[in-house]
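Colleague: Below is a structure I'd like to ask you about.
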Amino acid sequence: MRKIILLIALFAAGLSGAELTLTGSVVSDNQKMMTSRYMGFVKKVYVVEGERVKKGQLLYTIDSKEIDSAKSQVELAISQAELALQMNQNQYNNILTNLARHERLFKKGMVSKYELENLQLAAENTKAMIEIAKKQVAQAKAKLAEVKNQYKYLAVRAPNDAVVVEKRINAGEMAIPGMPAIILTDLSRLKIMTEISESDLKDVKVGQKVMVEIPSIGLKREGKVYAIIPSSNPMTHQFRMKVSFDYKGQPVYPGMYAQVTIK
């Protein structure tokens, strides 16, 4: 009987000390797919794959011919609107001069009320035309400012310090909005992505300490569960889990094979 109890105790101790080892890969929490805001031919690409870039560094530039054309059209529209405004203002000044003269003549009975009222109506209409022309000038100038603002989007820059992990575009090719041209990965926000079965999920919680190992560089240190994504793969019933760890001073890169041991 004592032997049975001892065996049960040893088995329970073995279970309590059981370890769960998961395999995964290093990933970045901040990967960006750089794309252009406007369509156009790429003039020049300034980076290569594997290059480290700084925030604000120029990645590639797009030809400005289409925006140059739009700018010329808007500048022409401004000139036309300003000319129309000046013509209406000149006409209005002439009508006012003529109206003042007719008012004096009307008081002397030398012109009819009909002629006077026609000039008053012409003055009102011309004044309204001036207001419309002013709005057209303002709208055209606002459009010009909008077009000029587009120039800054022709130079695509890095939004943060990162590494170029993929370059999908070359000089002379068409940059299309929404189509990734360059992919950047932030090496300052690396995690280990692994998967854990739903049967083991009950034994793990966010913030729990684990052991992290990257065999290829001999890195082995403590980490902790950073996040458990509450959505499983319906085929494997595995849940994705992210683990954070201290890798400062170590050559750790996205894609590296890693192991996570949970005690």
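The values are calculated or read from the model by the stated rules, or taken from the named source; none is laboratory data. Keep in mind the model is a prediction, meaning the values are calculated, not measured. Positions of Cβ are generated from backbone atoms using ideal geometry, with glycine treated the same way; all protein chains shown enter the neighbour counts. Note: areas computed on protein heavy atoms with side chains; ligands, DNA, RNA excluded. Shrake-Rupley method; radii C 1.70, N 1.55, O 1.52, S 1.80 Å.
Colleague: I'm checking my understanding of the structure. Among residues of region 154-182 that are of a type in the set (D, E, K, R) and assigned to a strand (DSSP E or B), which one is nearest to Pro251 (Cα to Cα)? Don't jump to the end; show me each part of the working.
Modeller: From region 154-182, those of a type in the set (D, E, K, R) are 157, 161, 166-168, 173; that's our starting set.
Pick out the ones that are also assigned to a strand (DSSP E or B) and you get 157, 166-167.
Working: Arg157: 26, Glu166: 19, Lys167: 22 Å.
Once the filter is applied, the top-ranked residue is Glu166.
Colleague: Give region 206-263 a look and list any residue that's among the basic types (Lys, Arg), under 21 Å from Gln31 (Cβ atoms) and at pLDDT 95 or above, or say none. Full working, then the answer.
Modeller: Initial filter on region 206-263 (among the basic types (Lys, Arg)): 209, 220-221, 224, 240, 242, 248, 263.
Checking which are under 21 Å from Gln31 (Cβ atoms) leaves us with 240, 242, 248.
Matches in region 206-263: Lys242 only.
Colleague: Please determine whether any residue of region 106-116 is touching a residue at least 24 places away in the same chain (Cβ under 8 Å) and part of a helix (DSSP H, G or I).
Modeller: Applying the first criterion (touching a residue at least 24 places away in the same chain (Cβ under 8 Å)) to region 106-116 yields none.
There is no residue in region 106-116 that is touching a residue at least 24 places away in the same chain (Cβ under 8 Å) and part of a helix (DSSP H, G or I).
Colleague: Tally the residues that are open to solvent by less than 80 Å² (accessible area, probe 1.4 Å), without any contact (Cβ under 8 Å) to a residue 12 or more places away in the chain and out of contact with any Phe, Trp or Tyr (no Cβ under 9 Å at 6 or more places or on another chain), restricting the search to region 217-263.
Modeller: The qualifying residues number 1.
Colleague: Run Asp203 past the list (1) open to solvent by less than 50 Å² (accessible area, probe 1.4 Å); (2) modelled with pLDDT under 90 and report the number of the one that doesn't hold.
Modeller: Condition not satisfied by Asp203: (1).
Every residue, every condition in (1) open to solvent by less than 40 Å² (accessible area, probe 1.4 Å); (2) modelled with pLDDT of 95 or more; (3) more than 52 Å from the chain's Cα centre (by Cα); (4) under 22 Å from Lys135 (Cα atoms), yes or no:
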{"residue": "Glu66", "(1), (2), (3), (4)": "no, no, no, no"}
{"residue": "Lys71", "(1), (2), (3), (4)": "no, no, no, yes"}
{"residue": "Gln86", "(1), (2), (3), (4)": "no, yes, no, yes"}
{"residue": "Leu99", "(1), (2), (3), (4)": "yes, no, yes, no"}
{"residue": "Arg104", "(1), (2), (3), (4)": "no, no, yes, no"}
{"residue": "Lys108", "(1), (2), (3), (4)": "no, no, yes, no"}
{"residue": "Leu116", "(1), (2), (3), (4)": "yes, no, yes, no"}
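Colleague: List pairs: first in region 47-60 and at positive phi and in contact (Cβ under 8 Å) with a residue 12 or more places away in the chain, second aliphatic (A, V, I, L, M) and open to solvent by less than 60 Å² (accessible area, probe 1.4 Å), Cβ under 8 Å, 6+ apart or cross-chain?
Modeller: Once the first residue is at positive phi and in contact (Cβ under 8 Å) with a residue 12 or more places away in the chain and sits in region 47-60, its partners that are aliphatic (A, V, I, L, M) and open to solvent by less than 60 Å² (accessible area, probe 1.4 Å) give Gly50/Val163; Gly50/Val164; Gly56/Ala158.
Colleague: Is it the case, given these coordinates, that Val156 is open to solvent by less than 30 Å² (accessible area, probe 1.4 Å) and closer than 20 Å to Arg37 by Cβ?
Modeller: Values: open to solvent by less than 30 Å² (accessible area, probe 1.4 Å): yes; closer than 20 Å to Arg37 by Cβ: yes.
Yes, satisfied.
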